[in-house]
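Undergrad: My structure is below; once you've seen it, I'll send some questions.
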Amino acid sequence: MSDLGALRRELTEFSQRSFNRHLVSGTGGNLSLRVPGTDTVLITPSGFSLGDIEPEMIILVNLDGEILDSPMNFKGSKETGFHLEAYRNRQGCAAVAHVHPPYATAYSCLGKDLPLVTISARAGLNRVPCVECFMPGSTELCSAVSGGITDYPESNALLMKEHGILTMAESMSLAYYVADLVEDSAKIAFLAANIHTDT
Ligand SMILES: [Zn+2]
C-alpha cells in the first residue's frame with residue numbers, strides 16, 4: 001500500500017522546484033506521478049501556479065481521467081489527458097512533467113527536433129522530437145502527444161510545438177531532471193548558435 005501523503009509531498013516539492021527553476025510561469029504546466037502498483041495517478045490541479053501547490057491540492061485520478069479524490073474539490077488539469085496517454089502507452093512510465101521553459105519552447109516554434117549540441121544532451125536525451133500544435137486541453141493535442149509517445153519510443157522528452165515540453169521517466173525526480181536538461185540543452189544550443197568567432 002503506497003503512502004499517498006508522501007507521494008503528494010513529493011509531487012508538491014517538484015512542482016515548486018519547477019516553478020522556482022523557471023521551467024514554467026504563471027499558472028502553466030502540470031506534473032503527475034503514478035501511484036506504484038496501481039492504475040491511479042496523482043496530478044496537480046487546474047488553474048494554480050506550480051509554485052503555490054500544496055499536498056492537499058493534488059488530485060487522484062484513474063487512467064480514464066475520473067477523479068477519485070480531490071481533498072479541496074479542485075478540478076484536474078485540462079492537460080490530464082496527455083499525462084494519462086504517457087502512463088497507458090509508455091512502458092515503465094511512473095512520472096510525467098509538462099512545463100513551458102522559454103528556450104525549449106522557443107525551439108518548439110520551429111516544429112523540428114531540439115538541436116542537441118553537447119555530449120551530455122545527446123547522452124541524456126538521445127532525441128527530442130516535436131509534436132504538432134493544437135489548443136491546450138483539446139483532444140487533438142492529446143492525440144498528437146500520444147502519437148509522439150508511441151512513434152518515438154527512444155525519446156523520454158518531446159517538444160510540443162508553440163507550447164512547451166513533456167518528459168516521462170521512472171520517477172518524479174528523473175522526469176524533473178530530464179525537463180531541466182532539455183531546457184539547459186536548448187539554452188546552450190541557442191548560445192552556441194549565436195557566438196560569432198570571426199573576430
Ligand atoms: Zn501546457
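Undergrad: What are the pairs, 6+ residues apart or on separate chains, where a residue within the range 96-108 that is more than 14 Å from HIS22 (Cα to Cα) and part of a helix (DSSP H, G or I) has its Cβ under 7 Å from a residue that is hydrophobic (A, V, I, L, M, F, W, C) and within 11 Å of the ligand (Cβ to nearest atom)?
TA: From the range 96-108, the pairs are SER108/MET160.
Undergrad: Which one of VAL128, VAL117 is touching a helix residue (DSSP H, G or I) at 6+ places or on another chain (Cβ under 9 Å), free of Cβ contacts under 8 Å to residues at least 60 places away in the same chain and β-branched (Val, Ile, Thr)?
TA: Numbers: VAL117 fails: free of Cβ contacts under 8 Å to residues at least 60 places away in the same chain.
After applying the criteria, what remains is VAL128.
Undergrad: Here is a further query. Looking at (1) small (Gly, Ala, Ser); (2) farther than 24 Å from ASP151 by Cα; (3) exposed (fewer than 14 other Cβ atoms within 10 Å of the Cβ), which one does GLY92 not meet, given that it meets all the others?
TA: Exception for GLY92: condition (2).
Undergrad: Test ASN62 against the stated conditions and say whether it is in contact with a strand residue (DSSP E or B) (Cβ under 6 Å, 6 or more places away or on another chain), polar (S, T, N, Q) and under 17 Å from GLY164 (Cα atoms).
TA: On the way: in contact with a strand residue (DSSP E or B) (Cβ under 6 Å, 6 or more places away or on another chain): yes; polar (S, T, N, Q): yes; under 17 Å from GLY164 (Cα atoms): no.
Considered against the rule, which asks whether it is in contact with a strand residue (DSSP E or B) (Cβ under 6 Å, 6 or more places away or on another chain), polar (S, T, N, Q) and under 17 Å from GLY164 (Cα atoms), ASN62 comes out as no.
Undergrad: Something else: Scan the range 32-53 and tell me whether some residue there is touching a Pro at 6+ places or on another chain (Cβ under 6 Å) and not aromatic (Phe, Trp, Tyr). Quick ask: steps written out before the conclusion?
TA: At the first step, the residues of the range 32-53 found to be touching a Pro at 6+ places or on another chain (Cβ under 6 Å) are none.
The answer is no; no qualifying residue exists.
Undergrad: Same structure, new question: Pick from ILE165, ILE195: which is free of Cβ contacts under 8 Å to residues at least 12 places away in the same chain, out of contact with any Phe, Trp or Tyr (no Cβ under 7 Å at 6 or more places or on another chain) and among the aliphatic types (A, V, I, L, M)? Full working, then the answer.
TA: Working: ILE165 fails: free of Cβ contacts under 8 Å to residues at least 12 places away in the same chain.
The match here is ILE195.
Undergrad: Now a separate question. What is the residue count in the range 163-175 for residues that are within 16 Å of the ligand (Cβ to nearest atom) and within 17 Å of PHE14 (Cα to Cα)? Let's see the steps before the verdict.
TA: Of the range 163-175, the ones within 16 Å of the ligand (Cβ to nearest atom) are 163-168, 175.
From what's left, within 17 Å of PHE14 (Cα to Cα): 165-168, 175.
The number of residues fulfilling the criteria is 5.
Undergrad: Mind listing whichever residues of the range 11-51 are surrounded by 20 or more Cβ atoms within 10 Å (Cβ to Cβ), in contact (Cβ under 8 Å) with a residue 60 or more places away in the chain, in a helix (DSSP H, G or I) and of a type outside the set (A, V, I, L, M)?
TA: Within the range 11-51, PHE14, SER18 meet the criteria.
Undergrad: Within the range 118-144, how many residues are within 16 Å of the ligand (Cβ to nearest atom), surrounded by 18 or more Cβ atoms within 10 Å (Cβ to Cβ) and either among the small types (Gly, Ala, Ser) or at pLDDT 95 or above (or both)?
TA: Quick first cut of the range 118-144, residues within 16 Å of the ligand (Cβ to nearest atom) only: 130-144.
Imposing the further condition that a residue be surrounded by 18 or more Cβ atoms within 10 Å (Cβ to Cβ) reduces the set to 130-131, 134, 141-142, 144.
After this cut, where a residue has to be either among the small types (Gly, Ala, Ser) or at pLDDT 95 or above (or both) as well, the list is 130-131, 144.
Of the residues in that region, 3 qualify.
Undergrad: Another one. Do the conditions hold for SER46, that is, is it farther than 17 Å from ALA179 by Cα, touching a strand residue (DSSP E or B) at 6+ places or on another chain (Cβ under 8 Å) and modelled with pLDDT under 95?
TA: Here the answer is yes, as SER46 does meet what is asked.
Undergrad: While we're looking at this one, here's another question. Kindly provide the set of residues from the range 145-162 that are outside any helix (DSSP H, G or I), crowded, with 23+ Cβ neighbours inside 10 Å and within 11 Å of the ligand (Cβ to nearest atom), ordered by number.
TA: Answer for the range 145-162, where residues must be outside any helix (DSSP H, G or I), crowded, with 23+ Cβ neighbours inside 10 Å and within 11 Å of the ligand (Cβ to nearest atom): just MET160.
The values are calculated or read from the model by the stated rules, or taken from the named source; none is laboratory data. From a predicted model like this one, the values you see are computed outputs, not experimental measurements. So basically every Cβ, Gly included, is an ideal-geometry build from the backbone, and we count neighbours across all protein chains shown.
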